1. Over all alpha-carbon pairs of region 385-448, lay out the pair-distance distribution in 5 Å bins, whole %, shortest bin first.
2. Using every Cα-Cα pair within region 262-365, state what percent have a distance larger than 17 Å.
3. Label region 134-286 by shape, choosing from rounded, prolate and oblate, from the square roots a ≥ b ≥ c of the eigenvalues of the Cα gyration tensor; if a/c is under 1.5 it is rounded, and otherwise prolate applies when a/b is larger than b/c, oblate when it is not.
4. What accessible area per residue comes out for the chain, rounded to a whole number of Å², with a 1.4 Å probe?
5. Provide the descending list of Cα extents for region 97-145 along its principal axes, expressed in whole angstroms.
6. What dipole magnitude, in Debye to the nearest 20, does the chain give about its Cα centre under +1 on Lys/Arg Cβ and -1 on Asp/Glu Cβ?
7. Give me the orientation-averaged projected area of the Cα convex hull of the chain, in nm², one decimal.
8. Using only the alpha-carbon atoms of region 210-275, report the extent along each of the three principal axes, biggest first, to the nearest angstrom.
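The values are calculated or read from the model by the stated rules, or taken from the named source; none is laboratory data. None of these values were measured; they are calculated from a predicted model. Cβ placement follows ideal geometry from the backbone for every residue including glycine, while neighbour counts extend to all protein chains displayed. Areas reflect the complete protein model, heavy atoms only, side chains present, ligands, DNA and RNA absent. Shrake-Rupley method; radii C 1.70, N 1.55, O 1.52, S 1.80 Å.
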Amino acid sequence: MHVNDRVGQPETDGAAQPTAGARGARAAAWLGRLIRANRPFVIVLAVAAALRVVVMLGYPPAMFFNDSYNYMTDAVTKTPDIVRSNGYPFFLYALLPFHSLALVTGLQAVMGLAMGTGIYAVLRHRGLPWWGATIPALPVLFDVFELQLEHMIAADVLFYTLITAALVLLCWWDRPPLAVAVLAGLAIGYAATVRTVGEPLLVIVVICMLARRMGWRRIAATAVAGVVPIAGYMFWFHIHTGRYALDESTGTFLYSRVSSFSNCAVMNPPADLRVLCDPRPPSRRPNSQEYLWSNKTPLAQLTGKDNVYRFTPKIESLTMRFAERAILAQPLDYARAVAKDTLTTFGWTRVNETNAIGNLEGSGTKFRFEPEAYITPVPGWVTGSSTNAAAARDYGGASYGQPSVVPPWSTFLRVYQRVVYLPGTFLLLFVVTGAVGVVLGIRRKTRVPGTGWGGLGLLPWLTGIALIVLPPMTAGFSYRYALAAVPAICLAAGLGFTGRESFITWLRDHGLLGKTAV
């Protein structure tokens with residue numbers, strides 16, 4: 001047998017598999033080719049990363065609003081929160097050994113970069129040129145309010161990073177591998193434990209997978225994987241509270257929603273619910289979210305000034321009954337309130353930026369880069385509670401993580417935020433663009449397996465619309481809530497220009513675009 005015959009010649013370990021050095025060289029070569037092929041976007045990404053470094057230098061170590069301290073306490077005490085699910089405190093707990101808020105905000109900054117990269121990668125994979133794939137990623141990478149939220153101890157960025165990850169996985173493949181379907185389901189399921197507005201999203205994902213005809217095994221795998229984190233959390237919640245739930249605040253939040261319009265003369269509630277009636281006419285009533293936290297509402301008169309008593313099982317039952325009765329008795333008023341708050345999302349300028357309501361609606365000073373005089377001190381209910389204070393010190397040290405304002409970085413950010421943000425009207429443009437792509441996908445009824453009815457854009461578009469509409473339906477409006485929809489809506493808009501059922505194909509078919517145009 002020939003001396004070079006691979007059968008006759010015994011193989012050495014070196015011949016059986018490449019050395020670590022060879023593997024590293026191949027990986028480096030692959031990475032080099034990837035960077036060269038996407039050089040313009042790499043530059044964009046580098047600028048976005050530099051901006052996040054400026055944020056960390058300008059306002060170290062993190063920014064806060066009231067919920068921030070609750071999240072840290074929940075992480076340290078390892079007990080379920082009755083107002084908001086503990087998915088984000090689980091994330092904080094994993095980072096507790098490092099005792100570093102800078103690490104938390106640094107990882108959230110990486111999440112923002114990863115979302116922008118994921119959107120770009122899917123759209124490039126689906127055939128868009130680099131500039132076409134970059135445009136939908138720009139809001140996530142450069143919107144100042146995205147940067148600010150990444151730098152805040154808040155659940156939001158983790159929440160919509162998980163959702164974006166699931167959408168990227170399900171839109172990369174027409175019919176993804178079974179393991180990918182499981183990962184997408186786990187991400188959506190865990191997102192529901194981070195913010196409860198994510199609870200319906202698993203249903204939306206499964207429906208869209210059915211519409212795309214992705215195969216029953218993949219659909220079943222996604223559904224089961226999505227239920228696992230939710231069921232596990234409910235079981236853990238039951239161990240501590242005796243009830244299977246994600247929280248005990250749904251009724252109270254829905255009561256705050258309907259209190260902006262509820263009319264007890266129309267509702268005719270029983271005696272035990274009349275204590276929740278607001279005698280003021282709707283035109284003189286406060287913002288819906290003030291019914292949760294203000295001490296000048298019927299709910300506060302019933303429960304006292306300590307708002308923890310507004311989320312007990314008894315109050316949860318009363319507020320849920322009141323809210324359901326209001327919606328059934330005044331469906332048009334409810335629809336008008338939801339529509340009004342939803343349309344606020346799409347205004348050119350943000351409202352209530354200079355008053356207390358803005359801090360409830362995500363547009364006030366707590367949600368902006370401000371001079372040091374506007375930085376809110378650590379609340380007394382934190383420093384005055386041994387449990388809350390200890391948790392804040394565990395993460396933020398002796399200063400409880402109180403942010404510093406460091407020029408010239410902070411000065412640059414205050415100038416930057418005046419001009420670089422996504423106006424609501426532009427978000428509406430992305431919504432309409434995505435909707436056109438979905439309609440064309442429905443009209444053409446493509447039979448390509450895995451794209452199906454509505455095309456690839458159906459899943460991210462419906463997800464984004466749900467994230468815009470659900471908060472006004474269940475609690476009230478906040479720009480902070482609306483930011484969660486931006487990655488999904490932008491991805492859907494980009495996908496509207498890809499594939500056989502795309503907007504570009506429609507333009508070509510109608511002679512409105514040259515045959516060779518990209």
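1. With 5 Å bins starting at 0, P(r) equals 4, 12, 10, 8, 8, 9, 10, 9, 9, 7, 8, 5, 1.
2. Working: 3233 of 5356 pairs.
Value for region 262-365: 60 percent of Cα pairs lie more than 17 Å apart.
3. On the way: a/c = 2.20, a/b = 1.63, b/c = 1.35.
Here region 134-286 falls in the prolate category.
4. On the way: 23080 Å² over 518 residues.
Result: 45 Å² of accessible area for each residue.
5. The Cα atoms of region 97-145 stretch 44, 21, 10 Å along the principal axes, largest first.
6. Values: 45 positive and 29 negative charges, 285 e Å.
The calculated dipole for the chain is roughly 1360 debye.
7. Values: hull surface 124.7 nm².
Value for the chain: 31.2 nm².
8. Dimensions of region 210-275 along the principal axes of its Cα atoms: 52, 36, 17 Å.
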